[in-house]
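Report on one structure; see the data block that follows.
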Amino acid sequence: MAIVLHHHPFSRAAGAVWMLEECEVPYTLRFVDIMTGEQKSPDVVALNEMGKLPVLVDGDAVVTEMGAIGLYLADRYAYGRLSPKVEDATRGTYLRWSFFAPSVIEPSVATKQNGWEPKASQVGWGTYDATLASMQKALEGRDFLLGKSFSMADVVFGGTLRFMLMLKAIEPLPLFTAYAERLSGRPALQRADAKNAAVAAEHGLKMGG
């Protein structure tokens, strides 16, 4: 059975298209109109109780959450290419930064944007400044998170960073912008951007509209 991605181009599911393109596997996009609340419909909620996108269905497997979708796809369809093998020492680094994006970057930026001031010792993401410093350390002297080798961790981590740079939600530090430019050169990302734009055009969608 072909993979089905429940998708809207203005949701996190747009990044899951990049994941699929990097894995070079056939898939179908199933448009979910989040503007009318279709993500809360019974058929979507039956797959993801949160009523949120993306939702990936691969045969009997149902996977939600961007990091989980990326790691699942890489292990199943690009093991050893987009995901280091279990005996590879770089797998620890790969997993670290894959989880860092949703667990640290996203809440840290949201905290800063909303003016929340939790105690650093009481939240898993610490502080915004520590988050930025860690991200810079991850990229310093490297083309990608694993060095010269691109991996699915770059899709999860880099996709998050790229999106936040576009929204001006994070400082455009030189290391960040240079990394984002390298990612933009990926043919799979270019195909994904084109597919997301085509879906948006098909449904008359405009960013911010």
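Points worth noting:
- Taking the listed residues Pro118, Pro107, the one that is farther than 21 Å from Trp18 by Cβ, outside the structural domain of His7 (by TED's automatic domain parsing), within 18 Å of the chain's Cα centre (by Cα) and surrounded by fewer than 20 Cβ atoms within 10 Å (Cβ to Cβ) is Pro107, with no other qualifying.
Residue-by-condition table, conditions (1) touching a residue at least 24 places away in the same chain (Cβ under 8 Å); (2) charged (D, E, K, R); (3) more than 27 Å from Leu183 (Cα to Cα); (4) in contact with a Lys or Arg (Cβ under 6 Å, 6 or more places away or on another chain):
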position: Pro9; (1), (2), (3), (4): yes, no, no, no
position: Ala14; (1), (2), (3), (4): yes, no, no, no
position: Glu21; (1), (2), (3), (4): yes, yes, no, yes
position: Arg30; (1), (2), (3), (4): yes, yes, no, no
position: Ile34; (1), (2), (3), (4): yes, no, yes, no
position: Glu38; (1), (2), (3), (4): no, yes, yes, no
position: Gly51; (1), (2), (3), (4): no, no, yes, yes
position: Val55; (1), (2), (3), (4): yes, no, no, no
position: Asp60; (1), (2), (3), (4): no, yes, yes, no
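- The listed residues are Leu73, Leu47, and the only one of them that is at pLDDT 95 or above and either within 19 Å of the chain's Cα centre (by Cα) or in the same structural domain as Gly159 (by TED's automatic domain parsing) (or both) turns out to be Leu73.
- Candidates Ala200, Ala153, Ala188: the one that is assigned to a helix (DSSP H, G or I), in contact (Cβ under 8 Å) with a residue 60 or more places away in the chain and more than 27 Å from Asp33 (Cα to Cα) is Ala153.
- Of the residues examined, Val25 is one that is surrounded by fewer than 19 Cβ atoms within 10 Å (Cβ to Cβ), touching a strand residue (DSSP E or B) at 6+ places or on another chain (Cβ under 9 Å) and at pLDDT 95 or above.
- Residue match in the range 61-68 (condition: over 30 Å from Ala130 (Cα atoms) and under 18 Å from the mean Cα position of the chain (by Cα)): yes
- Residue in the range 31-54 that is within 19 Å of Tyr79 (Cα to Cα) and in a strand (DSSP E or B) present: no
- Residue match in the range 115-123 (condition: touching a residue at least 12 places away in the same chain (Cβ under 8 Å), aliphatic (A, V, I, L, M) and part of a helix (DSSP H, G or I)): no
The values are calculated or read from the model by the stated rules, or taken from the named source; none is laboratory data. Source: prediction; values computed, not measured. A quick note on method: Cβ atoms are made from the backbone with ideal geometry, for glycine too, and the neighbour counts reach across all protein chains shown.
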